[in-house]
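Notes for the one structure printed next.
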Amino acid sequence: MNCDKILDLFRSELVTVNVGPRLFATALEKQGYAAIQVDWKPAAGGDAEMIEILELLGGLD
């Protein structure tokens, strides 16, 4: 098995995408890593009943 692509990946610059507390991205940045913070929240605040209603009304798009 040729592992060159895997080794290239581990040699490349680490860039993270954080979908969670900003504190995690900040900790990575303080260590010198690039971090992209995504401000994401679940649809309808995560309320399963409201999500079902939204889907019935045409989806979440």
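The values are calculated or read from the model by the stated rules, or taken from the named source; none is laboratory data. From a predicted model like this one, the values you see are computed outputs, not experimental measurements. Every residue, glycine as well, gets a Cβ built from its backbone with ideal geometry; the counts of neighbours run over all protein chains shown. For accessibility, only protein heavy atoms count, side chains too; no ligands or nucleic acids. Shrake-Rupley method; radii C 1.70, N 1.55, O 1.52, S 1.80 Å.
Tell me the net charge near Ala44. Cut-off is 12 Å between Cβ atoms, Ala44 excluded, with +1 for each Lys or Arg and -1 for each Asp or Glu.
-3
Per residue, the solvent-accessible area of the chain (1.4 Å probe, heavy atoms of protein chains only, all protein chains present) comes to 90 Å². Working note: 222 nm ellipticity from helices only, DSSP H runs with n ≥ 4, each -39,500 (n - 2.57), summed and divided by the residues of the chain, gives -12000 deg cm²/dmol to the nearest 500. Heavy-atom accessible area with a 1.4 Å probe sorts Leu54, Leu14, largest first, into Leu14, Leu54.
Take every Cα pair under 8 Å whose residues are at least 6 apart in sequence, average their separation, divide by the length of the chain, and the relative contact order is 25 percent. Just one of [x] 14.3, 47; [y] 11.1, 39; [z] 18.5, 50 is Rg and Dmax of the Cα atoms in Å calculated from these coordinates, so which is it? Answer label, from the structure shown: [z].
Within the accessible surface of the chain, defined with a 1.4 Å probe on protein heavy atoms only, the carbon and sulfur portion equals 60 percent. Assuming charge only on the beta carbon of Lys and Arg (+1) and of Asp and Glu (-1), the dipole of the chain about its Cα centre is about 440 debye to the nearest 20.
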